[in-house]
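Note sheet for the following structure.
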Amino acid sequence: MPSALALRMAAFYGVYFTVAGIYLPFWPVWLAHREMNPTEIGVLLAVGSIVKIVANLFFARIADRTGRTKLVVIGLGLASVLTLAAFGLVGGFAAFLILSLLVGAVFSPMMPLGESITIRQARAGRIDYGRVRLWGSITFMIITVIAGWLIGLYGAGVIHALVVAAAIATFLTTLSLPADAGRMAAPRKGAALALARHPAFLLFLLAASMAQASHAVYYGFSALHWRASGLSETVIGLLWAEGVIAEILLFAVGAKVTGRIGPAALLALAGAAGMLRWGVSAETTELWVLAIVQLLHAVTFGAAHLAAMAFLTRAVPDALSATAQSLYAGMVSGVAFGMAMPLSGWLYGQVGGGAFYLPVALSLLALLAALALHRRWDGGVLLKDTA
């Protein structure tokens, strides 16, 4: 039976990804319902992604310097509720722009900080990271279906209420996160910069960010590509669900996999699997072939994420845990995707399915960086003198 701690951590992941499962696919629909035009919607979505890079690091430094990670997460959870609720009280592009900036600044940092708490508990042997994290994937998949059904029943106006309700639930779960072990020694001046410049950490960031950014064409344009080839929305939804289910199954045995293979080798495997998956996706839209390669989502996404968490657990000292998590999150979701997504859109407009060759190249970079990391990193903590 899972421990009470594992259940509390799983609840946090579950409700956080409930917000994401409503916000990511349906928030643009609500903005259009509130009379935002496509250009305005694009700007509102983009500003949140840009500001979170700085916000992640800002709140991570506070958490690491004070040793009060839980308190920071609780504050961010409350701020997220208030900011998202405020969208229902104002109107117009200028007000929405300010609130979008605030949402990016307070909601996004919750996850890397929450991950740093989870990693500390996993390092102490109190939980199995993969079995806790999989509940985020499960709820994301389920809530997207439920939210779509509710929107069909009640219209786009219900989206805001759903997002706020999920944000309130997220805030409540932050209250039950495990208490910090006590204030740790503040990292020495320059320790964070030394970590960010460490060759092994840079190789890790390159491998992990390229492995995750290789999904940009898939996330942004696979549905359009497959729909243009004659596949129905139902079939496309099932293909996406298949990938998430494969990811969940891997997370369930994640501790055994990472323990046996190791973070660097697992990242290399993700890069190699990406070259195969995206190369096949570039060449065919045959349903039976897609059904097979979608299983590789467990490796291209799931294994890469597990490898990243295992590396951060083993290589980063506790005093820099939140900072390292935020550097990773900012590099992957901010920098890497921020560069890959526009390029993916341009390529898809030029060559259609041939755009999947961009992920092949990114996966090759991930593979090469992971192999270099395997040679350079001895499996231990990168910085011994952080205090």
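The values are calculated or read from the model by the stated rules, or taken from the named source; none is laboratory data. If you're wondering where the values come from, they're calculated on a predicted model, not measured in any experiment. FYI the Cβ positions are ideal-geometry reconstructions off the backbone, even for glycines, and counts take in every protein chain you see. Each accessible area value is taken on the protein alone, full model and side chains, heavy atoms only, with ligands, DNA and RNA left out. Shrake-Rupley method; radii C 1.70, N 1.55, O 1.52, S 1.80 Å.
General remarks:
- Here the dipole of region 1-123 is about 560 debye; that uses its Cα centre as origin and unit charges on the Cβ of Lys and Arg (positive) and Asp and Glu (negative).
- Spherically averaged projected area of region 26-88 from its Cα convex hull (nm²): 4.8
- Solvent exposure ordering (accessible area, 1.4 Å, most first) of Thr173, Thr39, Thr144: Thr39, Thr144, Thr173
- Listed values for region 97-108 are Karplus-derived 3J(HN,Hα) couplings in whole Hz (6.51 cos²θ - 1.76 cosθ + 1.60, θ = phi - 60°), namely 5, 4, 5, 5, 4, 5, 4, x, 7, 10, 7, 4, and x replaces Gly and Pro.
- Taking the Cα centre of region 80-198 as origin and assigning +1 to Lys and Arg Cβ atoms and -1 to Asp and Glu Cβ atoms, the resulting dipole is close to 620 debye.
- Charged-residue dipole, Cβ positions (Lys, Arg, Asp, Glu), the chain about Cα centre, Debye nearest 20: 1320
- Computed from the alpha carbon atoms alone, the convex hull of the chain holds 132 Å³ per residue.
- Cα lying deepest toward the dipole's positive end in region 126-216, options Ala200, Gly155, Pro178, charges on Cβ: Ala200
- Extension gain, Leu24 to Leu45, is 6.6 nm, computed as 0.36 nm per intervening residue step minus the present C-alpha separation.
- The alpha-carbon atoms of region 236-387 define a convex hull whose volume equals 117 cubic angstrom per residue.
- Sequence-distant residues sharing a close amide H with Asp180 (under 5 Å, placed H): Lys70
- Spin-label pair Ala291/Leu202, simplified geometry with 7 Å Cα→Cβ offset, distance in nm: 4.7
- Sequence-distant contacts, meaning Cα pairs under 8 Å at least 6 residues apart, place the relative contact order of the chain at 27 percent.
- Between Thr234 and Leu97, the C-beta separation translates, for a Förster distance of 25 Å, into a calculated FRET efficiency of about 0.10.
- For region 297-364 and region 1-53, distance of Cα centres in Å: 18
- Between region 129-144 and region 246-291, the alpha-carbon center distance in angstrom: 18
- Charge dipole (region 40-152, unit charges on Cβ, about Cα centre) - positive-most of Phe87, Gly104, Val47: Gly104
- Solvent-free Debye scattering, log10 I(q)/I(0), computed from the Cα coordinates of region 242-302 at q = 0.18, 0.20, 0.29 Å⁻¹: -0.63, -0.75, -1.18
- At R0 = 30 Å, FRET efficiency that the Cβ-Cβ distance of Ile146 and Ser3 yields, to 0.05: 0.60
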